[in-house]
Amino acid sequence: MNKRIAPYYWMTVPAVILFFVFMTLPALQGIYYSFTNYNGFGKGYDFVGFKNYFNLFQDDNVGNAYWFTFKFAIVVTILTNILSLLIALGLNAKIKFRNFFRGIYFLPNILSVLIVGYIFNYLFSNVFPIWGQNLGINALSTNILGSESLAWIGIVIVAVWQSVALNTILYLAGLQTIPTTLYEASNLDGAGKWREFWSITFPLIAPFFTINMVLAMKNSLMVFDQIVALTNGGPGRATQSISHLIYTGGFEGGEYAYQSANSVIYFIVIAVISILQIRFLQRRETDL
């Protein structure tokens, strides 16, 4: 019995050690430094208690970053799930070249976020304005990434374009678990496509809807790479997310301890939102 269990220990223990060293230990160190005035460079620091946490709630830059992040996350989560569900329904239908289209729609998920961001940065800056000028479309004739009021829309477009791929695959997996006999029975009863969707399809893929909503919201709240590649937080601080603020302030601005406190608050916010989402959506699953 021990000989059969030993290989599992050899696979599990190294993974636990690596996770502790590279994930848990840095997190604990961040919590420790959040109660100090450590700048991230020197060796000396003093304990300041909850001063960093109190200052966070009085910092306008932090407030603006949270506002942008929440606005961005809500819009991206809604658009991603609507589009991915529609695409999954189309790819689940009996159409020609179905497997080919499934592969094409999954491609954005395997591309690097930074590379995609830099490509779209070039498109927004050089390609789309030329198209807009040639076609006489004023909305495309200017670079929206240079506008404080419109730059966030460009980031939303890129984030949705890339995140739709994974959500589509998950919805597609859920759709394939639905027995075809249910649809055959509904056709005999004279139910329309809209009725089929709300009475059969959506209730049976509700667990996949919960997973996609939680993942989309969590990933959107943690947006960072798209910000770096497209706007780097600009113009000004119009598109600065919490993750970007923590990075620039902690590693470039000498606010290591201050942004460590911000990271702790940020972690709590994401955890609370995810737990509330899961509880609410799972309750809705039982109602459906």
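The values are calculated or read from the model by the stated rules, or taken from the named source; none is laboratory data. Values in this document were obtained by computation on a predicted structure and should not be read as measured data. Please note: Cβ atoms are built from the backbone with ideal geometry, for glycine as well, and neighbour counts cover all protein chains shown. Keep in mind that these areas ignore ligands, DNA and RNA; they rest on the heavy atoms of the full protein, side chains included. Shrake-Rupley method; radii C 1.70, N 1.55, O 1.52, S 1.80 Å.
Give me D for segment 62-173 in µm² s⁻¹, whole number, from Stokes-Einstein with Rh from the Kirkwood sum over alpha-carbon pairs, 10 °C and 1.306 mPa s.
101
Quick one: putting +1 on the C-beta of Lys and Arg, -1 on the C-beta of Asp and Glu, what dipole do you get for the chain around its Cα centre, in Debye to the nearest 20?
800
Mind checking the angle between helix 151-175 and the chain's longest principal axis? C-alpha axes, 0 to 90 degrees, to the nearest 10.
50
Normalised by the number of residues in segment 152-288, what is the relative contact order in percent for Cα pairs under 8 Å and 6+ residues apart?
25
Measure off 7 Å from each Cα along the Cα-to-Cβ vector at residue 13 and residue 181, then give the distance between these two points in nanometres to one decimal.
5.0
Which residue, 62, 236, 23, has the largest displacement toward the positive end of the dipole of the chain when charges sit on each Cβ (Lys, Arg +1; Asp, Glu -1)?
With unit charges placed on the Cβ atoms, the residue in question is 23.
Given a 1.4 angstrom probe, what's the average accessible area per residue across segment 57-149, in square angstrom?
Accessible area per residue: 64 Å².
If you average the C-alpha positions of segment 90-118 and of segment 1-38 separately, how far apart do those two centres end up, in angstrom?
The two parts, judged by their Cα centres, are 35 Å apart.
Restricting attention to the alpha-carbon atoms of the chain, what are Rg (one decimal) and Dmax (integer), both in Å?
Radius of gyration, then largest Cα-Cα span, for the chain: 23.4, 77 Å.
With a point put 7 Å past each Cα toward its Cβ, work out how far residue 102 is from residue 125 in nm, to one decimal.
Once both label points are built, they end up 3.9 nm from each other.
Using a 1.4 Å probe on the protein heavy atoms, what percent of the accessible area of the chain belongs to carbon and sulfur?
With neighbouring chains kept in place, the figure for the chain is 67 percent.
With the convex hull built on the Cα atoms of segment 117-268, state its orientation-averaged projected area in nm².
Mean projected area for segment 117-268: 12.9 nm², to one decimal.
Of the candidates 21, 113, 127, which one comes out as most mobile in a Gaussian network treatment of the chain with C-alpha springs shorter than 10 Å?
Looking only at 21, 113, 127, the largest GNM fluctuation is found for 21.
From Cα pairs below 8 angstrom and at least 6 apart in sequence, can you work out the relative contact order of the chain, rounded to a whole percent?
For the chain, the relative contact order is 30 percent.
Between beta-carbons, use under 15 Å as the cut-off and find the net charge around residue 152, counting Lys and Arg +1, Asp and Glu -1.
Summing Lys/Arg as +1 and Asp/Glu as -1 gives +1.
In degrees, nearest 10, range 0 to 90: what is the angle between the Cα axis of helix 60-92 and the longest Cα principal axis of the chain?
Value to nearest ten degrees: 20.
Once you've got the GNM for the chain with C-alpha springs shorter than 10 Å, pick whichever of 132, 154, 234 has the biggest mean-square fluctuation.
132
Taking springs between alpha-carbon atoms closer than 10 angstrom, which of 67, 194, 161 fluctuates most in the Gaussian network model of the chain?
194
Taking the Cα atoms of segment 160-223 alone, what are Rg (to one decimal) and Dmax (as a whole number) in Å?
14.4, 47
How far is helix 256-287 tilted, in degrees, relative to the longest principal axis of the Cα atoms in the chain, given as a value from 0 to 90 rounded to the nearest 10?
20
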